[in-house]
Amino acid sequence: MAETYARPRFGAPREPKTRVNPGNGLVRVLDYVTSSHARSIAFLTICGLLFFLPGFFNIPPVDRDEPRFAQATKQMVETGDFVDIRFQDEVRYKKPVGIYWVQAAVVETAAKLGLPRAQARIWLYRVPSLIGAIGAVLLTYWTALAFVTRRAAVLAGLMMCASVLLGVEARLAKTDAMLLLTVVAVMGAMARVYLAWQRGEEADKSAWAIPAIFWTATAGGILLKGPLILMFIGLTILALAILDRSAAWLWRLRPAVGVTWMLLLVLPWFVAIFLKSGEAFFSNSLGGDMLSKLAAQESHGFPPGGYFLLFWVTFWPGAPLAGMAAPAIWRARREPGAQFLLAWLIPSWIVFEIVMTKLPHYVLPLYPAIAILIVGALERRVLSRSWLSRGAAWWFTIPLLTAGITLVGAVMLVRHPVFLAWPFAAGALIFGLFAWLMYDDNRAERSLLSATVSALFMSVAFYGVVMPSLKPLFPSSEIARALRNVVCVGPGAAAAGFHEPSLVFMTGTSTLLTDGSGAADFLGQGSCRFALVEARSERNFAQRAEAIGLRYNMATRIEGYNFSQGRAISVAIYRSEGTE
């Protein structure tokens, strides 16, 4: 992929280098934005906002990981303790402190700017993920420039921007979008050093920018998710060292100074948490969280091959081109550019396939390598003409399946087909159909752009319209709204039978998670108290209330669906007699 040989990258092209049928409007837009780096960066930034903002502000907290992260950050802001990580009274020693610090900085800034109830607004906790997702798109573009032309690099960034998996992570207050940013920064720096070494260029001893990016991003990745980023780096280096029988290029990253700088960035918090918790953080995060993933954890087990199957959905709309590009990529596997990208991709992918615990976002840091490999084949017009080209139908199939499943789900949950989403769904279907029917070797770029527009329509329809309308999926939000409307000041709450993290985040850190008896006892201990009792705990609640002589009445009842447990729920909000 890197222009290190006289022969063409990815094998000899079978088509003329001049573009065929360049008059399409989407292609003309691409012509314009790729005429300069500034336009390319501005274009990708705008595309990131268009893809990631629908639903960003109005989708309630999504159980369970998002509200766990947000609540821990919220407690940091409430207590002023930015070392310890807690969810209510329990320690949360699964991940390092990086994401909590970034989220806390956003929330504190918003509060100082006068935004009311800043600590309770989930979208503020999502801002780091939005920044991480857009930053990852821009860094994919920057990394791709080491391998392909500016035009192809923009297409690689667009492919990441439109991917289903990054669209999900950009809207969740978690670590994964920010981790992706750090991994792409690290790999972009490594690629430039490695390819310069492969070309035989002399090392510039006065240049510190690339090593600084590499070691700073590595430190950021460690503070976000522990040693996981070191696995991506280490396996890539190991694979390249085996293939090249040398790793001399690593000295160009200034490891002596770089490791020192990295330790200066990461050690202070690790020392602080050790002084505060002893070995508890390290035993919980490394032993209790990371090593336990070698077995099926939290019902997320899946045999090898699971990520390969998920890829065709989670990397849509780029996925169909991955199959078409695979033969050309394999032919070019020993070219330095392709070799580096495959070393980034394959070893880590194999590890994730072997590990029993499988969540879709684990492989997200490998997707930029796939995007760059695809556009490398696309720009040389060496996509497969075999049966693999039939995968173009996937551009239409995914919008069609999504529209059908979403329509059925909406009718089942809210008894309404969400008509407002239909024009956007129609747009997704039309552009997906165009992408499929217009596809051939000469117009692969145009088909990809049409599929990207289809993905944009899907994003608006699903995240911007459908998800916020499915209120039964977010019972915590409805419960919190009911408590905000009470007359008494400072309501307290105890929950029985419904203990999702989103409830704690939405109703307050002091919310008591208990059983039916405990909820009745809590209700009898003072005024302006409310018991949130799920139907399966109501009998226990009523029996205890009768035993202690509690007089109460029901304020309202919230019907919903707990998708974390896969069952319908009914939560009654009880108040002691006289409380309003």
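Remarks
- Per-residue accessible area (protein heavy atoms, 1.4 Å probe) orders E169, E108 as E108, E169, starting from the largest.
- Angle in degrees between helix 98-112 and the longest Cα principal axis of the chain, rounded to the nearest 10: 60 degrees
- Relative pair counts by distance (%), Cα atoms of segment 422-547, 5 Å bins: 2, 11, 14, 13, 11, 7, 6, 6, 7, 7, 6, 5, 3, 2, 1, 0
- On Cα atoms only, tilt of 394-414 relative to the major axis of the chain in degrees: 0 degrees
- Positive-end residue, the chain charge dipole about Cα centroid, Cβ charges, pick of N284, L373, T260: L373
- Cβ-placed point charges (K, R +1; D, E -1), dipole of segment 325-447 about Cα centre in debye, nearest 20: 160 debye
- Stretchable slack from A105 to A38, in nm (0.36 nm times residue separation minus alpha-carbon distance): 21.2 nm
- Rg and Dmax of segment 361-509, both derived from C-alpha coordinates alone, stand at 21.8, 70 Å.
- Whole-number D in µm²/s for segment 375-437 (Stokes-Einstein; Kirkwood sum over Cα pairs; 20 °C, 1.002 mPa s): 158 µm²/s
- Accessible area per residue for the chain, computed on protein heavy atoms with a 1.4 Å probe, is 42 Å².
- The C-alpha atoms of the chain define a longest principal axis, and helix 255-277 lies at about 10 degrees to it.
- A crude spin-label estimate for the pair F57 and A120, with each label 7 Å from Cα along the Cβ direction, gives 1.8 nm.
- Virtual paramagnetic centre 7 Å along Cα→Cβ of K205, amide N under 14 Å, in segment 252-267: 252, 254
- Length-normalised contact order for the chain - Cα pairs under 8 Å, 6+ apart - percent: 16 percent
- Hydrodynamic estimate: the Kirkwood radius of segment 205-359 over Cα pairs, inserted into Stokes-Einstein at 10 °C and 1.306 mPa s, corresponds to D of 87 µm²/s.
- The lysines whose alpha-carbon is closer than 21 Å to the alpha-carbon of K358, local same-chain residues fewer than 8 away aside, are K94, K95, K174, K225, K293.
- The chain - mean residue ellipticity at 222 nm from DSSP helices (-39,500 (n - 2.57) per run, n ≥ 4, rounded to 500): -18000 deg cm²/dmol
- Full extension of the chain segment joining V487 with D89 gains 140.4 nm, where the gain is 0.36 nm per residue of separation less the Cα-Cα distance.
- Isolated Cys residues of the chain, judged by Cβ distance under 4.7 Å to other cysteines: C47, C161
- Apportionment of accessible area to carbon and sulfur, segment 359-454, percent (1.4 Å): 75 percent
- Reduced Cα scattering model of the chain, Debye log10 I(q)/I(0), q = 0.06, 0.12, 0.13 Å⁻¹: -0.35, -1.24, -1.39
The values are calculated or read from the model by the stated rules, or taken from the named source; none is laboratory data. Quick caveat, the model's predicted, so the values are computed rather than measured. Neighbour counts are summed over all protein chains in view; Cβ atoms, including those assigned to glycine, are modelled from backbone coordinates with ideal geometry. Just the protein is used for accessible areas: all its heavy atoms, side chains included, with ligands, DNA and RNA removed. Shrake-Rupley method; radii C 1.70, N 1.55, O 1.52, S 1.80 Å.
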